Amino acid sequence: MLKKLFPLFGLEYRQLVFPLFRKNIYSQNGEDGVITCILKKLPRIPRFVVDIGANDGITASNSRLLIEEYGFHGLLVEPYEPAFLLLKELYKNQHGIQVCDQAVGVSQTNGTINWHGHFQNLPATIRDVNAVLEEFHTPKELGFFSIDIDGHDNEVLQSLDWERYRPRFVIAEIDSSSDRNLQTQLEIMDRVGYHPILHIGNVFYVRKDVAGPYFFNWKQP
């Protein structure tokens, strides 16, 4: 599916090596292996990760390997209290890791959160994602921004201040049952300066100005 959408964004498809390196240590769909491959190609990216929907910090985590193996600092956000308490305990003595129990969205409101297979419509106070990042003094230059919040990922991506926060790579969940959900996310990320490089349940995006020859052949206008 992703390969068919590349021409819409002025890109030629190049067979990526990333699927060969899919591996789970803590991740769910092989993201750990892809992350390792990226860091081998681009070892000097900023050592900071934002993980929204961080769970307990270990289960199906896109941030744990970065922190444990590669020394990343980070902000890990998890509003579900049982998972957050485990996350907080995991990193209680970890320098450079901040944890947050806020639910993030596009504005300050009372709302609900979902976790597929666990609960639906759990009441929560929703805070604007930019306000949360500002509160925790998140740096502009990030290595990875990962989001998995079961249902509102695209809205948060659309509302994020992409001039203030410029991750090199974004890992975003999509609703795989809906082509429109993926298309909408691709359009959002294209507008804010990112190209898709891989879809493995979550979609990996790279910032256009750092994509270089590793990911694409460019079509000249």
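The values are calculated or read from the model by the stated rules, or taken from the named source; none is laboratory data. This structure is a prediction, so every number in the text was calculated from the model and none was measured. Neighbour counts are summed over all protein chains in view; Cβ atoms, including those assigned to glycine, are modelled from backbone coordinates with ideal geometry. The area values use the complete protein model at the heavy-atom level, side chains included, leaving out ligands, DNA and RNA. Shrake-Rupley method; radii C 1.70, N 1.55, O 1.52, S 1.80 Å.
Of note:
- Subset of the range 143-192 [modelled with pLDDT of 95 or more and assigned to a loop (DSSP other than H, G, I, E, B)]: L160, D161, W162, E163, R164, Y165, V192
- Among the residues of the range 169-191, those identified as open to solvent by 30 Å² or more (accessible area, probe 1.4 Å) and touching a strand residue (DSSP E or B) at 6+ places or on another chain (Cβ under 9 Å) are E173, S176, D190.
- Restricting the range 4-46 to residues that are among the charged types (D, E, K, R) and modelled with pLDDT of 55 or more, the residue that is nearest to the chain's Cα centre (by Cα) is E31.
- Beta carbons closer than 6 Å, at least 6 apart along the sequence or on distinct chains, pair a first residue in the range 92-112 that is more than 15 Å from G53 (Cβ to Cβ) with a second that is open to solvent by less than 20 Å² (accessible area, probe 1.4 Å) and part of a loop (DSSP other than H, G, I, E, B) for I97/Y91.
- Verdict on Q94 being part of a helix (DSSP H, G or I) and either closer than 18 Å to F72 by Cβ or open to solvent by 10 Å² or more (accessible area, probe 1.4 Å) (or both): no
- Test for N62: is it assigned to a loop (DSSP other than H, G, I, E, B), in contact (Cβ under 8 Å) with a residue 40 or more places away in the chain and over 17 Å from E135 (Cβ atoms): yes
- Tabulated pairs, the range 28-40, first within 12 Å of S63 (Cβ to Cβ) and in a helix (DSSP H, G or I), second basic (K, R) and open to solvent by 10 Å² or more (accessible area, probe 1.4 Å), C-beta under 9 angstrom, 6+ apart or interchain: E31/R22; E31/K23; D32/R22; D32/K23; D32/R64
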